[in-house]
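Data block below; observations after.
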Amino acid sequence: MSSGIVGQQPETVREAFEQEFGRFARFRAGGADELTFAEAETALRELAELRTRHTGKKSALAGLKKLIGRVAAEERAAVGQQIQQLENEIIAALEESKQTLDAHVAALRVERELLDVTLPGRRTRRGHQHPITLVRQRIEDIFVAMGYTVEDGPEIETDFYNFDALNIPPTHPARSPQDTFYTTEGFALRSQTSTVQIHAMQRRKPPLRVIAPGKVFRRDTPDATHNPMFFQLEGLLVDRGITMGHLKGTVTEFLRRLYGPQTRTRFRPSYFPFTEPSAEFDFSCFKCNGAGCRLCKGSGWIELGGSGMVHPNVLRAVGIDPQEFSGFAFGFGIDRMCMLNFGLDDIRLLFENDVRFLEQFN
Amino acid sequence: MNISYNWLRELTGARLTAGELRERLTMAGLEVEAVHEAGDDFVLEIAGLSNRPDWLSHLGVAREVSVLAGGEVRLPEMRAAREEGKTESFTSVEVEAVDLCTRFTARVVRGVSIAPSPAWLVARLQAVGQRSINNVADITNYVMLELGQPLHAFDLEKLNERRLVVRRARAGERLTTLDGVERELDAEMLVIADAARAVALAGVMGGAETEISDATRDILIEAAHFAPASVRRTSRALGLQTEASDRFERGVDPEGQLRAQARTVALITELAGGTATTDAIDLYPQPATPTIVPLRFSRVRELTGLDVPMRDSIRILGALGIERAGADGAGSSADDGGARSAAAESEAAANFVSPSWRTDIRIEEDLVEEVGRHFGYDKVSDTLPAANVAGEYRAHEGRRRASRRALNACGFDEALTFSFIDTAHDEQFEFLPGLVRRADEASRLVTLSNPIIEGAARMRPTLLAGLLDSVRHNFNHGTRDVRLFEMGRVYAADSEEGGQPRETDACALVATGVATEEGHAGASRELDFYDLKGALEAALAAMNVAPVEFAATGARHLREGQAAQLTCEGRAVGMLGRLADDVAAAYKFKQPVYVAEIDFAALLAAAEAGVRYAPLARFPSVTRDASLVAPRRVTFAEMQRAVVELNLEQVRRVALVYVYEGERVPEGRRSVTLRIEYRADDRTLRDEEVDELHGRIVGTLEEKFGAQLKR
Ligand SMILES: [Zn+2]
């Protein structure tokens, strides 16, 4: 057998390939940019068919390779090399074009499947807790951690719990139907959560620590700063050897846990029938930290509530000996704290239940 | 009350600036709300305390300043420029109502010249916000502001028989007061009268007919003490509140009348001329007896935590006019401020006399407060009480919080509404089962005798009325998609007449509009009964209560055929459904509204659904669906129960796939697709076994409910 068997066949194979490959040749070095996704995919499919036709088992190239064994031994190496080179060139041309097209398709696919990650996630609308609940739960959590028991009592009370036991004199204006709501059967809507002090001290013996958050009622016409119904929180601690120092320490600790460790408090003498001595307490403005701003009306202090040492008449009313035990009590408005914390400008919003208002709280 | 800085300085000689006074007074309990300039003076706006009527005068505030700044209160000039003759030779006074007028004093000045006040007096009154009238009227006003005692000057010649009688008004008696209003009096009102008619409303306002005029020559000056409750009543009844009534209502110094008389007469004789009588008529049948209050000095420390040296306690009390009573034991030993041991001090005690103007000082703690507040609450050090008890939430707080969060997760916002509602709602709603205990229609609910919002006299027996008001509020403000819930108490009368009203925790839900996705503007679908039921189920699941059953029911406020009752542990615990058309119309609702109300107290207290682990299945289960066309009235629960009652061991679950009605399903019927799960514990079920079981189930359902299997 001589090299004549191969003859001009490699040139024929090359020409046939180049003729068909011609339209893909521009992809060997880029050049796929203008193709649409569909065009590029078609080109890739056609290229794969081209490859099968020109390098597959039934291709002319495969036939040529089979002839190598039949070439004379001394020429076989040279012929083999020639055919191998032809094959390398064809495959290189196909591969390079394919890579270009693949890269283009991949890039187009990213573009096609690109997500707008800023679209809202998929979930049904969530409801919101009432701001009073939010504040109330926070306060309860702090006091429970400080060893207090959360208690409550009736909202419709007898005069004994609402007034008498709290040392409120029979002539006190707070008792008048001008200020306090009464039912037709003579019960009072409790005008302060201090009533729970009395229930708590009747239920349990000292030492005791109680907070009583709850609803109270006063005959105020609703306006931007008043509601005839609001929420208060009362605190009470009775033990041996309790002084105003403990009152101040407790209120300060609570406010620091609520508003941060930089918070300072200030106690001003005041008057409440159920405490003696009595004091109102202010805390350093959480917005300006005492420098003075609009929230604190320039004073640096925010007035919060009333407090004092439990009046001996109150202790006696529940059978506790004021010579043996002493205690402190304090109270403040949860609604007022809501106003402060959330910057509300009209307290009526709290009970109108406007969804646009409620959904601002989380 | 407006306090003049210059006036205070005249009374005390204190050298504090107005700014310093503001700070120190506030920290002593006299809250200074504002300070403003008034000419060469400053005015301090003081918000006093209700138990300190003595602070409604410059003298009262001056006493506090004297403690804060040291020095003594200097009472002003009290001597008349000219005196002659006894008062009783010019007039007489009789007090008939001794229960309402505890003291009455009168003095006469003859020959005065009524004229405008001197500039200094006009300026001072103006500074504290008072208008000048004439010299005599201004002086009575001035002395009230200075000493706290309201006074009145009568034109003596205009008094019939030149005499006064203090008595109750005659029913229907009329009096034109200084403000020109003719008032009709009742028999409980105290008046000052002359021989013929009422000439002043005691403690409230003088009468126009006996008022000082330019022609007045002789005047009678009244300084009295009236029962606070009587003045309050008259003032309220007539809607007439004055500087005088404010002071009498809260209590004026029962010993201060003669001093105020003397001061007034001194100023009148100086500024308006005339000759005063040498004495005053003073009707004071039962003089106040001073209250003696003991103080153990150690109590200051025991109650305030302040270490106040005994000498400071005595100094502070003394400066406030609270003097020690006569020598008695330990009290007298506290006399000299010399060296003494701490132990001796802690044993020491003394009796103090409560001054006549300090009706608030009655017990030891009152004295402790006086010492403490002037020593300074800022010196009390913060101490935390040693922990000795464990904290605890309200009962069922975990369930409350869990159910709240579950309802939030279902899209419901938490609402709070007023506890009093309009009585018009009484007939609209059916209340929680068992809430109403009294049969009598008129008294079964709780009613306010003095509501503040018109019509809102009913203590709510249902939360729904308030929630529906909130829905309407939202509709009116353009929000059509509303889901709200409220947890709070509802009220009803006790079963016994006069018993304390019943209060119980309820929870109510309302839902209307469309379901929305968070962050999306578009609606997904209309809310319906099953959204509300789903939210309730979620809340109950979060509370982990024993299973609650739903059954069709009828209720006053719910649309027929769209209402369900909840039952837990055999007890009715609430209702839900679509709001009835007439109730919806009353609220002017045009879109369907779904409501629920449950007995929250009962559910909070209900037994917890226990958890018992079931071993995981070892063999696979097989599911088969069956679509049955059955009459609409056949409920899913009935079908489910019918399958369960077959008691087939291998039937593990009967679940709903979907309900269909419409095309290809006859009117009055619907197609219910059930998915039944079959499984055995000891082997894999063969197809033929499942076929046999499924066939029996389908056959039972067909036969029992007249259903047909849809193929
Ligand atoms: Zn501030």
Whole Å is fine, so just give me how far the alpha carbon centre of the stretch A:11-64 lies from that of the stretch A:114-149. 63 Å
So the label point goes 7 Å from the Cα of A:T171 along Cα→C-beta, right? Which residues of the stretch B:250-290 then have their backbone N under 13 Å from it? B:250-254
Within-12-Å neighbourhood charge of B:A457 [Cβ basis; K, R +1; D, E -1]: -1
For the stretch B:136-238, share of DSSP beta bridges that run antiparallel, in % to the nearest 5: 100 percent
Helix B:58-69: inclination vs chain B longest Cα principal axis, degrees, rounded to 10, gives 80 degrees
The stretch B:2-69, dipole about Cα centre (Lys/Arg Cβ +1, Asp/Glu Cβ -1), debye to the nearest 20: 260 debye
Diffing the stretch B:678-683: the Karplus 3J(HN,Hα) column from phi (6.51, -1.76, 1.60, θ = phi - 60°), in whole Hz with x for Gly and Pro, holds 10, 6, 10, 7, 10, 6
Using only atoms on other chains, find how many Cβ atoms lie within 10 Å of each Cβ of peptide A:141-150 and report the average. 4
Cysteines of chain A lacking any other cysteine beta carbon under 4.7 Å? A:C338
Separation between the B:T700 and B:Y530 pseudo-spin-labels, each 7 Å from Cα along Cα→Cβ, expressed in nm? 2.4 nm
Looking only at other chains, what is the average number of their beta-carbon atoms within 10 angstrom of each beta-carbon in A:272-280? 5
Relative packing of peptides B:313-319, A:115-121, B:423-429, B:105-111 - highest average C-beta neighbours within 10 Å first: B:105-111, B:313-319, B:423-429, A:115-121
Count charges around A:N341 for me, please; just the other residues with Cβ under 12 Å from its Cβ, Lys/Arg as +1, Asp/Glu as -1. +3
Please work out the FRET efficiency for the pair B:Q640 and A:L119, using the Cβ-Cβ distance as r and a Förster radius of 56 Å; give the result to the nearest 0.05. 0.90
Whole angstrom only: what separates the Cα centroid of the stretch B:213-272 from the Cα centroid of the stretch A:330-358? 44 Å
Mind checking which of A:G306, A:F357, A:G290 is farthest towards the positive end of the stretch A:131-358's charge dipole, using Cβ charges of +1 (Lys, Arg) and -1 (Asp, Glu) about the Cα centre? A:G290
What is the Cα centroid distance between the stretch A:191-232 and the stretch B:138-172, reported in whole angstrom? 44 Å
Positive-end extreme of charge dipole, the stretch B:349-406 - chosen from B:S403, B:L367, B:V353 (charges on Cβ): B:S403
Over all residues in B:357-366, what is the mean tally of Cβ atoms on other chains that come within 10 Å of each residue's Cβ? 3
Given charges at Cβ of Lys, Arg, Asp, Glu: the protein assembly as shown dipole, positive-most of A:I132, B:L21, B:V128: A:I132
B:K533: which lysines have alpha carbons under 22 Å from its alpha carbon, excluding same-chain residues fewer than 8 sequence positions away? B:K590
Taking θ = phi - 60°, what integer Hz values does the Karplus form 6.51 cos²θ - 1.76 cosθ + 1.60 yield along the stretch A:57-64, in sequence order, with x for Gly and Pro? 4, 9, 6, 4, 5, 4, x, 4
Compute, for the stretch A:9-112, the length of the dipole vector about the Cα centre, with Cβ point charges of +1 (Lys, Arg) and -1 (Asp, Glu) only. Units Debye, rounded to 20. 500 debye
The size of the Cβ-based charge dipole (Lys, Arg +1; Asp, Glu -1) of chain B about the Cα centre, to the nearest 20 debye, is 1580 debye
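Laboratory data are not the source of any read-out in this text; all were calculated from the coordinates shown. All figures in this text were calculated on a predicted structure; none of them were measured in a lab. No Cβ is skipped: glycine too gets one built from the backbone with ideal geometry, and neighbour counts run over all protein chains shown.
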